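The values are calculated or read from the model by the stated rules, or taken from the named source; none is laboratory data. No experiment lies behind these values; they were computed from the predicted model shown. Backbone-built Cβ (ideal geometry, glycine too); neighbour counts: all protein chains shown.
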Amino acid sequence: MYGAILGDMIGAPYEFDRSPKTKEFPLFSRGTQFTDDSVMTIAVGEALLDTVGKADEEIKAALVSSMRRWGRRYPHAGYGGRFRVWLRAKNPEPYGSYGNGSAMRVSSAGWLSNTLDETRRIARLTAEVTHNHPEGIKGAEAAASAIFLARSGAGKEEIREYIVSEFGYDLSRSCDEIRPTYRHVESCQKTVPEAITAFLEGSDFEDVIRTAVSLGGDCDTLTCIAGSIAEAFYGIPEEMVMACRARLPKDMLAVLDRFTEKRQEPETAFHDPFLDGNALIEAAVHAYHAEATVERLSAVLEAIRQRMHEDGHFMIPVTASEDGTEFIFRTVQTGHGREWPAAFTSPAEYRQGPPSRIISNFIDELLTACIDTQSNGFILNPWGESFLLTAELIQMILKKEGPANE
């Protein structure tokens, strides 16, 4: 949810057609603060955390309760007129809105769901409690779907094609075409497509934020939506996360921390038996960290070699190419500025870092492919006790597997 909240904060000073219409502006200034977009993002996130696996009516009841509680806690955050009435109503009912509020608060649905169908169902529920117009529901489903696809490793063209085919939004215009005449409009129809376009054109998280602000319009909400998708696709630089946290009260931070913990919980539905036994490698790496001797380095290589003989797997984080036809290894930068493809020995090691689409493959095939493609090697378990499995070390492992040793 940090992406949505950062988008809201950074876009807030430029709301109501005060955008500079350029990407050159200070990211953080005296006017950088959260608005109703962040408050409702937190409210929806808390409700969904409280109702994981529950029936639709229970989820909707929790949403109403949470949104009204947080709205009363922060009554001057900048809510729209009809939503303010809903917050105070004795018996709150949906009011047929197609405003972009349904899309700006939905980001947690894209993270807490396990499938695209579930994502859309939960997103629909978050909209229906207020914004039950078909366009309001569509906006929420489209934003959440883009987040789910982005965090699952889909390429930008795959995301574009899904949004166009499923929701009918026009994503053919470039930001340069949108920018000159775009003005403050608070409907999903004229906010969600522009936010998704800003994401599609951005080159990293910060660039998506700057691109969204440069469009203008309902700047905090548009950038909130774009930022929520960009977080799922790119992640967020740590310094921007810290800047976000510094501007939030403790009660919001508590929900964010709980949300982060939930995202990092172990997946219990699937067990990969090809990863069983990789504790042997982890133990050898631990011993090598304790004392980096030649003997203990050899023990690491021997542990990897043994797991090869046992048909062991490594987990590889990947992203899909822009056209969705191939996977690209995600990389980690070491202290010397070099980029290394990451590999993990177990789900526990993988979950210590940011989420990603994962493929699992035989260790011997990965090592052989590394040599065949003249790659530098891999970094094993980069978030924990890491080990740099260089091409030279891989050559040593594979050389011992040659004909003379069979």
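Computed quantities for the displayed model
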read-out	value
Some residue of the range 134-146 being farther than 21 Å from G227 by Cα, of a type in the set (A, V, I, L, M, F, W, C) and surrounded by 20 or more Cβ atoms within 10 Å (Cβ to Cβ)	no
Count - residues of the range 273-323 that are assigned to a loop (DSSP other than H, G, I, E, B) and either within 10 Å of T345 (Cα to Cα) or touching a residue at least 40 places away in the same chain (Cβ under 8 Å) (or both)	8
Restricting the range 369-396 to residues that are of a type in the set (G, A, S) and in a helix (DSSP H, G or I), the residue that is modelled with the lowest pLDDT	A369
Among the residues listed as A226, A246, the single one being aliphatic (A, V, I, L, M) and either buried (at least 19 other Cβ atoms within 10 Å of the Cβ) or touching a Gly at 6+ places or on another chain (Cβ under 7 Å) (or both)	A226
Where F233 falls short, out of the listed (1) modelled with pLDDT of 95 or more; (2) among the aromatic types (F, W, Y); (3) crowded, with 23+ Cβ neighbours inside 10 Å	(1)
Failed condition for N114, given (1) surrounded by fewer than 24 Cβ atoms within 10 Å (Cβ to Cβ); (2) part of a loop (DSSP other than H, G, I, E, B); (3) more than 20 Å from the chain's Cα centre (by Cα)	(3)
Filter result for W70 (touching a residue at least 60 places away in the same chain (Cβ under 8 Å) and buried (at least 17 other Cβ atoms within 10 Å of the Cβ))	no
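Table: residues versus (1) at pLDDT 95 or above; (2) more than 21 Å from L253 (Cβ to Cβ); (3) of a type in the set (K, R).
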| site | (1), (2), (3) |
| --- | --- |
| G7 | yes, no, no |
| S19 | no, yes, no |
| Q33 | no, no, no |
| D37 | yes, no, no |
| I42 | yes, no, no |
| A55 | no, yes, no |
